[in-house]
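Below is one structure; the comments refer to it alone.
The values are calculated or read from the model by the stated rules, or taken from the named source; none is laboratory data. Every value quoted in this text rests on a predicted model; they were computed, and no experiment measured them. A quick note on method: Cβ atoms are made from the backbone with ideal geometry, for glycine too, and the neighbour counts reach across all protein chains shown. SASA here: full protein model, heavy atoms, side chains in, ligands and nucleic acids out. Shrake-Rupley method; radii C 1.70, N 1.55, O 1.52, S 1.80 Å.
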Amino acid sequence: MDGDGEPESVGQPEEVSPEGQPEEAGAEEASAGAEPPEEEAAAYLDELPEPLLLRVLAELPAAQLVQACRLVCLRWKELVDGAPLWLLKCQQEGLVPEGGAEDERDQWQQFYFLSKRRRNLLRNPCGEEDLEGWCDVEHGGDGWRVEDLPGDCGVEFIHDESVKKYFASSFEWCRKAQVVDLQAEGYWEELLDTTQPAIVAKDWYSGRSDAGCLYELTVKLLSEHEDVLAEFSSGQVAVPPDSDDAGWIQISHTFTDYGPGVRFVRFEHGGQDSVYWKGWFGARVTNSSVWVEP
């Protein structure tokens, strides 16, 4: 009957023969002595020779290695903290050529993480989104304007076929900046303060064949409170018309040994023409970048 009766799935206990009792007891003892599958697997891995265990660990995601695997036991911690595992991961993922010598670099783990994060940290470097992402924009003269390459009296950008646009300045100084939050981009305090990876700022500028112009780049490394810890300035660079430098020119600066405390990178560039013509005859800029190098 429904309601008060016992569930149909629960039957009456069956009688156990005296002969069956010792077998069941023996099975229970054997089961009690057996290791759980997880412990059995861990014991098996722990018996592997180090080169083979490194191969197994190298197949795991880097975050799992650091956050979980190094906590398993002392042996695994030493392997995760050691150079051979990260050199192997770098080789497997094409970050270094196969057969790279272990003694070529002290910190392969840091090299791995920096390599995986390596990218241009500036947003909208070529004007594909107009002035989106840029701050402290100064519109001198007729202000900034985004134009398609090569532009009037200009040249193509042959250094990267993906670059299709540039920013053109006017007859008074036009400036714009970006501030990169290094911690928000995934670079942690200990890495920045102890390893102090190279920070590279690059920019491309050009003039017109019919008008001279001026260009300027300033890059600052800032502390948490925006104190200037290191600075590079190109000064005002003059590009005369019809000069050998009428094409696109790259300017680059690498910060190293900058000391602890760096948390932000401020990138600012600008330009104007030197003939004071109405319109957009000033310096042109594109493909700006900030990189943290391994």
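What the table below lists for this structure:
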read-out: Ranking by accessible area, most exposed first, for S206, S162 with a 1.4 Å probe; value: S162, S206
read-out: Local net charge near L222, Cβ-Cβ under 11 Å (Lys/Arg +1, Asp/Glu -1); value: -2
read-out: Proximal lysines to K165, defined as alpha-carbon separation beneath 20 angstrom and excluding residues fewer than eight positions away on the same chain; value: K176, K202
read-out: Largest-first ellipsoid semi-axes for the stretch 141-294, taking √(5λ) over the Cα gyration tensor eigenvalues, angstrom; value: 32, 15, 13
read-out: Label point at D130 placed 7 Å out along Cα→Cβ; residues across the stretch 253-289 whose backbone nitrogen lies under 15 Å; value: none
